[in-house]
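Taking it in order: structure first as structure tokens, then the write-up.
The values are calculated or read from the model by the stated rules, or taken from the named source; none is laboratory data. Treat the numbers as computed from the prediction; the structure is a model and nothing was measured. Cβ coordinates were reconstructed from backbone atoms using ideal geometry, including for glycine residues, and neighbour counts include every protein chain displayed. All accessible areas refer to the heavy atoms of the entire protein, side chains included, with ligands and DNA or RNA removed. Shrake-Rupley method; radii C 1.70, N 1.55, O 1.52, S 1.80 Å.
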Amino acid sequence: MMTPSLRSKVDPFRAMDVLAEANRMIAAGERVLSLAVGQPAAPAPDAAIDAARAMLGHGRVAYTDALGRRELRERISRYYLERHGLAVDASRIMVTTGSSAGFNLAFLAAFDPGDRIAIASPGYPAYRNILKVLGLEPVEIPVGVETDYIFTAAHLQSAHEEKPVTGVLVASPANPTGTVTPPEELARLVTYADAQGIRFISDEIYHGLTYGGEEASALAFSEHPIVVNSFSKYYCMTGWRIGWLVLPPELVRAAERIGQSLYISAPEISQVAATAVFDAAEELDRVRDGYVRNRDLLIQRLPELGFRDIAPIDGAFYAYAGIPEGWGGSTEFARSVLHETHVAITPGTDFDLVRGESFVRLSYACDYATLEEALGGIRRFTQRR
Ligand SMILES: Cc1ncc(COP(=O)(O)O)c(C=O)c1O
């Protein structure tokens, strides 16, 4: 019997399993409130849709350079200047099919099979899965309430001293914890990584969605980090599959060569829409204001509902919290909440293979009324026990 490759044996993304179950319930005519998936309920801004529509009017949607359209790369370069006061040459920017493709390209351009890459646990599960599929070793470093779930330079140093790592990937704001790494800690991380020859990868996909603390790019501290970013979250363009990398000069040609063969280019229509979306700040900030209201509601309600060890809800659009006392595990808790109250939440096992059974993640990228109703359902559910 011919079998799947050994490298394909990665864990399923359980949030997607919850989504599939919720969709089955919806197909059966039931109403489900979803706090399970990390995507904005808001549509892409008008500016993006209008630009795409105008392009379709001309009919032709084609391949672009593997690095992306010049207009978009230059617009992203201008974003760094306007937003962060940083001069990032457009030649270092590569447009990608979402940040998901960006991770593949970054890992392939920077690392060789067997290399060890440090990541925080809990963390975004695709990091672990992509690293494994590519023959790289994820080195999962537990973070918890003692550092407000922030992955620090001290974490990196002790992991590296125990057994050297080749790379480190840090997200700020982070999924699932919503933590924001303070600029001075990010500077310490980048400086330590540079000094040790460790390649620093900074996932900045939730930039624009910081509510407590300050948002810094790793590029402010060095030109060696690889920065991964996307139009999926702040820009509300998940399904357009469009993101970008900022690469250190020595990796640009390597990533371009790999990109030419893996993807040819990111979708041209999405590149055109993304170029226009930078002009939609007002509309996007209104969406963001909605998250701020949702966040305030969660900060108040989660402790009342008995959730514990709540990560600071400082950024992105997630709350990560220990399930109330008396529950065996979060998989059972999430399943019961879904079936009894029709509210979909994600068990922490996606994000933390060791401690995740005690935690759940709630996404608050929905509207306020949905969140309020969902929390009401969870309240009735927990009170019944
Ligand atoms: C931390 C983090 N990075 C990357 C991604 C991938 O996003 P995309 O491929 O849509 O850019 C996600 C999606 O949820 C995420 O949470």
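Could you check how many residues of region 33-47 are outside any loop (DSSP other than H, G, I, E, B) and either in contact with a His (Cβ under 9 Å, 6 or more places away or on another chain) or more than 15 Å from the ligand (Cβ to nearest atom) (or both)? Steps first, please.
At the first step, the residues of region 33-47 found to be outside any loop (DSSP other than H, G, I, E, B) are 33-34, 46-47.
Still in the list and also either in contact with a His (Cβ under 9 Å, 6 or more places away or on another chain) or more than 15 Å from the ligand (Cβ to nearest atom) (or both): 33, 46-47.
Qualifying residue count for the region: 3.
Note on region 80-115: among residues that are among the aliphatic types (A, V, I, L, M) and within 28 Å of ASP148 (Cβ to Cβ), the one that is farthest from the ligand (Cβ to nearest atom) is LEU86. One residue stands out in region 116-134 among those that are in contact with a Lys or Arg (Cβ under 9 Å, 6 or more places away or on another chain) and away from the ligand (no atom under 12 Å from the Cβ): the one that is most open to solvent (accessible area, probe 1.4 Å), namely LYS132. Condition test on ALA365, is it under 18 Å from the mean Cα position of the chain (by Cα), crowded, with 21+ Cβ neighbours inside 10 Å and on the phi > 0 side of the Ramachandran plot? Spelling it out, it is not the case that ALA365 is under 18 Å from the mean Cα position of the chain (by Cα), crowded, with 21+ Cβ neighbours inside 10 Å and on the phi > 0 side of the Ramachandran plot.
Residue by residue, here is whether (1) in the same structural domain as HIS207 (by TED's automatic domain parsing); (2) more than 14 Å from the ligand (Cβ to nearest atom); (3) within 21 Å of GLU214 (Cβ to Cβ); (4) open to solvent by 10 Å² or more (accessible area, probe 1.4 Å) holds:
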| position | (1), (2), (3), (4) |
| --- | --- |
| PRO142 | yes, yes, no, yes |
| THR147 | yes, yes, yes, yes |
| LYS163 | yes, yes, no, yes |
| SER172 | yes, no, yes, yes |
| THR179 | yes, no, yes, no |
| PRO182 | yes, yes, yes, yes |
| ALA193 | yes, yes, yes, no |
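Looking only at region 332-354, count every residue that is surrounded by 17 or more Cβ atoms within 10 Å (Cβ to Cβ) and touching a residue at least 60 places away in the same chain (Cβ under 8 Å) and tell me the total. Residues flagged as surrounded by 17 or more Cβ atoms within 10 Å (Cβ to Cβ) and touching a residue at least 60 places away in the same chain (Cβ under 8 Å) within region 332-354 amount to 13.
Restricting the search to region 234-257, which residues are surrounded by fewer than 18 Cβ atoms within 10 Å (Cβ to Cβ) and either of a type in the set (Lys, Arg) or away from the ligand (no atom under 11 Å from the Cβ) (or both)?
Kept after step one, since they are surrounded by fewer than 18 Cβ atoms within 10 Å (Cβ to Cβ), are these residues of region 234-257: 239, 249-250, 253-254, 256-257.
PRO249, GLU250, ARG253, ALA254, GLU256, ARG257 - these are the residues of region 234-257 that are surrounded by fewer than 18 Cβ atoms within 10 Å (Cβ to Cβ) and either of a type in the set (Lys, Arg) or away from the ligand (no atom under 11 Å from the Cβ) (or both).
Condition check ((1) in contact with an Asp or Glu (Cβ under 8 Å, 6 or more places away or on another chain); (2) loosely packed, with under 14 Cβ neighbours inside 10 Å; (3) of a type in the set (S, T, N, Q)) across all residues:
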| site | (1), (2), (3) |
| --- | --- |
| ARG31 | no, yes, no |
| SER34 | no, no, yes |
| ALA41 | yes, no, no |
| PRO45 | yes, no, no |
| ALA48 | no, no, no |
| ARG53 | no, yes, no |
| GLY59 | no, yes, no |
| TYR63 | yes, yes, no |
| LEU67 | yes, no, no |
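Is it fair to say ALA266 is among the aliphatic types (A, V, I, L, M) and within 16 Å of the ligand (Cβ to nearest atom)? The answer is yes for ALA266.
Would you check which residues across region 219-233 are closer than 19 Å to GLY178 by Cβ and surrounded by 23 or more Cβ atoms within 10 Å (Cβ to Cβ) and list them?
Our first condition is that a residue be closer than 19 Å to GLY178 by Cβ; within region 219-233, this holds for 228-230, 232-233.
VAL228, ASN229, SER230, LYS233 - these are the residues of region 219-233 that are closer than 19 Å to GLY178 by Cβ and surrounded by 23 or more Cβ atoms within 10 Å (Cβ to Cβ).
Between residues in region 174-186 that are on the phi < 0 side of the Ramachandran plot and residues that are of a type in the set (Lys, Arg), which pairs lie under 9 Å by C-beta distance while being six or more apart or on different chains? Listed by first residue and then by second, the contacts come to ASN175/ARG361; PRO176/ARG361; THR177/ARG361. A Cβ distance below 7 Å, combined with a sequence gap of six or more or placement on separate chains, defines the contacts here; from region 370-385, residues that are under 18 Å from SER34 (Cβ atoms) reach residues that are assigned to a helix (DSSP H, G or I) and open to solvent by 80 Å² or more (accessible area, probe 1.4 Å) in the pairs PHE381/GLU340. Taken over region 261-313, the residue count meeting the criterion of being open to solvent by 70 Å² or more (accessible area, probe 1.4 Å), of a type in the set (D, E, K, R), under 30 Å from THR64 (Cα atoms) and in contact (Cβ under 8 Å) with a residue 60 or more places away in the chain is 1.
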